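Heads up: the structure comes next, in structure tokens.
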Amino acid sequence: MPRNLVLRRSKIHGNGVFAARDLPAGTRLVEYRGTLRSHDEIDQCYGGEADSGHTFLFTLNEQYVLDGNVGGNIARWINTSCDPNCETVVVEDPGGNKQRDRIYVETIKPVRAGDELTYDYCITLDEPHTPRLRKIWQCRCGTERCTGTMLRPKRKRAARRA
């Protein structure tokens with residue numbers, strides 16, 4: 001486990017990851033790890049349903065997902081927030097091998113020792129965002145900016161011209 005990070009109970013949800021020392025903005029904290037699986041494998045394993053609530057699944061690229069449920073590390077316990085102090089950064093393999101792409105968690109503003117680390121999960125679903133789905137994907141960050149859901153608005157399609 002990286003020295004900068006501590007795992008403990010969170011006020012947001014379940015376990016959380018906290019800064020063990022003051023961290024400046026732009027600090028790379030940890031690589032998000034898990035078993036590399038294709039999108040089809042994930043659908044087979046977890047049913048492919050929008051109501052799964054599996055937040056340990058992290059889309060790496062258009063071909064692969066990291067399954068933090070299997071082979072995951074401390075990064076899987078970083079909670080979501082509508083006012084995060086971290087972000088995730090995808091680093092593509094220079095040789096174009098999608099299996100070698102990586103995801104890192106980095107601070108986007110200074111974080112004080114003892115503060116919980118968070119990033120916006122930015123979950124987007126193709127299905128309509130029904131009250132049932134909003135409840136399944138409920139955000140509990142408690143910030144002033146909290147939208148109440150981890151679901152992000154769908155991108156609007158551009159108007160088609162005849």
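Any idea of the accessible area per residue across the chain, 1.4 Å probe, to the nearest Å²?
63
Between 132, 102, 140, find the one with the highest GNM mean-square fluctuation for the chain; connect C-alpha pairs within less than 10 Å.
132
Select from 67, 120, 40 the residue whose mean-square fluctuation is largest in a Gaussian network model of the chain (Cα-Cα springs shorter than 10 Å).
In this elastic network of the chain, the residue with the biggest mean-square fluctuation among 67, 120, 40 is 40.
Which residue, 121, 46, 64, has the most motion in a Gaussian network model of the chain that connects Cα atoms within less than 10 Å?
Result: 46 has the largest fluctuation of those listed.
For segment 75-138, rounded, prolate or oblate, judged on the Cα gyration tensor with a ≥ b ≥ c (square roots of eigenvalues), a/c < 1.5 rounded, else prolate if a/b > b/c?
It is oblate, given that a/c is not under 1.5 and a/b is not larger than b/c.
Straight-line reach only, C-alpha to C-alpha below 14 angstrom: list the aspartates and glutamates that residue 11 could link to, leaving out same-chain residues fewer than 8 apart.
115, 116
Between segment 87-116 and segment 132-146, what is the C-alpha centre distance in whole Å?
24
Taking 8 Å as the Cα distance limit and 6 or more residues as the minimum spacing, I'd like the relative contact order of segment 5-110 as a percentage.
Relative contact order for segment 5-110 comes out at 35 percent.
Pull up all non-local amide H partners of residue 150: gap of 5 or more, or a different chain, and H-to-H distance under 5 Å with H placed in the peptide plane.
Residues meeting the criterion, in which the H sits 1.01 Å from N, are 138, 139.
Which of rounded, prolate, oblate describes segment 1-47, given a ≥ b ≥ c as roots of the alpha-carbon gyration tensor eigenvalues and a/c under 1.5 marking rounded, otherwise prolate only if a/b is larger than b/c?
It comes out prolate by the Cα gyration axes.
Over the chain, what percent of the accessible surface lies on carbon and sulfur atoms, probe 1.4 Å?
The value for the chain is 46 percent carbon and sulfur by accessible area.
In nanometres, what is the gap between the two model label sites at residue 91 and residue 27, each 7 Å from Cα along Cα-to-Cβ?
Going by the 7 Å Cα→Cβ label model, 1.8 nm.
Points 7 angstrom from Cα along the Cβ direction at residue 129 and residue 102: gap in nanometres?
With each label point 7 Å from Cα toward Cβ, the separation is 3.3 nm.
What is the sum of charges around residue 69, taking Lys and Arg as +1, Asp and Glu as -1, for the other residues whose C-beta is under 12 Å from the C-beta of residue 69?
Charge balance near residue 69 sits at +2.
The values are calculated or read from the model by the stated rules, or taken from the named source; none is laboratory data. Predicted model, so just to flag it, every value in this text is computed and none were measured. Every residue, glycine among them, receives a Cβ derived from its backbone with ideal geometry; neighbour counts consider all protein chains shown. When the accessible area is computed, the model is the full protein with side chains, heavy atoms only, and any ligands, DNA or RNA have been set aside. Shrake-Rupley method; radii C 1.70, N 1.55, O 1.52, S 1.80 Å.
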